Amino acid sequence: MDKYNRIFVAGHRGLVGSAIRRGLEGAGYNNLILRTHTEVDLRDSRAVDSLFEETKPEYVFLAAARVGGILANDRYPADFIRDNLEIQTNVIEASRCADVKRLLFLGSSCIYPKLCPQPIREDYLLTGPLEATNRAYALAKIAGIEMCWSYNRQYGTKFLAAMPTNLYGPDDNFDLQTSHVLPALIRKTLEAKGRGDKAIIVWGTGSPRRELLYSDDLAEACIFLLNLSDQTYESLLFAEAPPLINIGTGEDVSIQELAETVCRVLKYEGYLTFDTSHPDGTPRKLLDVSRMRALGWRHRISLEEGIRSVYESLRNSDFAQLQSV
């Protein structure tokens, strides 16, 4: 990508999209196409077509999606599959019609089977049953991967799907009803600390293991991928397999260890209790990131450093619930 190329960041206000926007702006890309949900509803095909006709993007980061944790996925499966299918279908088709040079579709590690061998290689896709609590979301993302593959084969497009591990960062969702595990733990810990509570309740047994990647590291990886040489980039667009690449750290921790790390970084001295009436979800999700490392990229930000950065961003924000911290 050249600095003057027209680059559309779909979902630029979300956790992933905002990090990609920051990364692009920091690298000197000054021709970004950014639209809020109010300005363009990506679920509306006519609105998306009009946007592409007006702005003529050359590169697309497809980071827009309906996302959430176990509770949200379990309660609103129809919303998750419908909204994600509509968003990605409209953006991918508009990108084809606009002759976009490269598109990066962002998915999730939940596309892989629940009881996958660890670490999870890209070719484990569709080799076993999915985790039930996020099946609808996972199937939508699998459909997006299949669309990239199908469009490449039929139309000669250069659409790549990147599957990041569990993400966190300063623009995360901290709503306890819809958030993922780490932002929920950060909020619970900050609120418990502010109230002087002696304990924090952690959902599940604490035994599942999760790999966590800071959002700015993911953004760096995404920009790295779309800047690969033609030969290297096209080598990722396998004709015989989905154009899919994992992005992660190659390291994981248990939920209990994660909660303990949050307490340590945030200097909370209470104790943890585990509510086993809530589901654990997938026992372990550790990605095989050997393909990304072979290309020359690896993460830079440690888990403790990332949690500390999120904490500082919350302290400096207008997040009303945490003003007393």
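Read-outs throughout are calculated quantities, based only on the coordinates presented, and are distinct from any laboratory measurement. Computed from a prediction, not measured in an experiment: that's the story for all the values here. Every residue, glycine among them, receives a Cβ derived from its backbone with ideal geometry; neighbour counts consider all protein chains shown.
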> Taking the DSSP beta bridges in the chain as the whole, what percent of them are antiparallel, to the nearest 5?
Replying inline: 5 percent
>> Please report the net charge: other residues with Cβ closer than 13 Å to the Cβ of residue 147, K and R +1, D and E -1.
In response: 0
> All other residues with a Cβ under 14 Å from the Cβ of residue 43 taken together, and with Lys, Arg as +1 and Asp, Glu as -1, what is their net charge?
Replying inline: -4
> Do the sum for the chain: with -39,500 (n - 2.57) for every DSSP H run of n ≥ 4, divided by all residues, what is the mean residue ellipticity at 222 nm, to the nearest 500 deg cm²/dmol?
Replying inline: -13000 deg cm²/dmol
> For region 171-230 and region 85-145, what is the separation of their Cα centres, given in Å?
Replying inline: 21 Å
> Which of rounded, prolate, oblate describes region 1-77, given a ≥ b ≥ c as roots of the alpha-carbon gyration tensor eigenvalues and a/c under 1.5 marking rounded, otherwise prolate only if a/b is larger than b/c?
Replying inline: oblate
> Cα centroid distance between region 278-302 and region 3-34, in Å?
Replying inline: 24 Å
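For residue 184, what charge total do you get from the other residues with a beta carbon under 13 Å from its beta carbon, if Lys and Arg give +1 and Asp and Glu give -1? Spell out each step's value before the answer.
Values: positive: 187, 188, 210; negative: 172, 175, 191, 275.
Net charge in that neighbourhood comes out at -1.
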> Longest exposed-loop-site-free stretch of the chain, with chymotrypsin sites (Phe, Trp or Tyr not before Pro), DSSP loop and at most 14 other Cβ within 10 Å?
Replying inline: 5-237
> What residues have an amide H closer than 5 Å to that of residue 167, excluding those fewer than 5 places away on the same chain, when H is modeled at 1.01 Å from N in the peptide plane?
Replying inline: 213
>> Using the crude model of +1 on Lys and Arg Cβ and -1 on Asp and Glu Cβ, and no other charge, please compute the dipole size for the chain relative to its Cα centre, in debye to 20.
In response: 260 debye
> What is the helix-to-structure angle for 77-97, meaning the angle in degrees between its Cα long axis and the longest Cα principal axis of the chain, kept from 0 to 90 and rounded to the nearest 10?
Replying inline: 30 degrees
> Residues with amide H under 5 Å of residue 69's amide H, sequence separation 5 or more or different chain, H placed in the peptide plane at 1.01 Å from N; which?
Replying inline: 179, 180
> In percent, what relative contact order does the chain have, based on Cα pairs under 8 Å that are 6 or more apart in sequence?
Replying inline: 20 percent
> Going by alpha carbons, how many degrees (0 to 90, nearest 10) lie between the helix axis of 215-226 and the longest principal axis of the chain?
Replying inline: 20 degrees
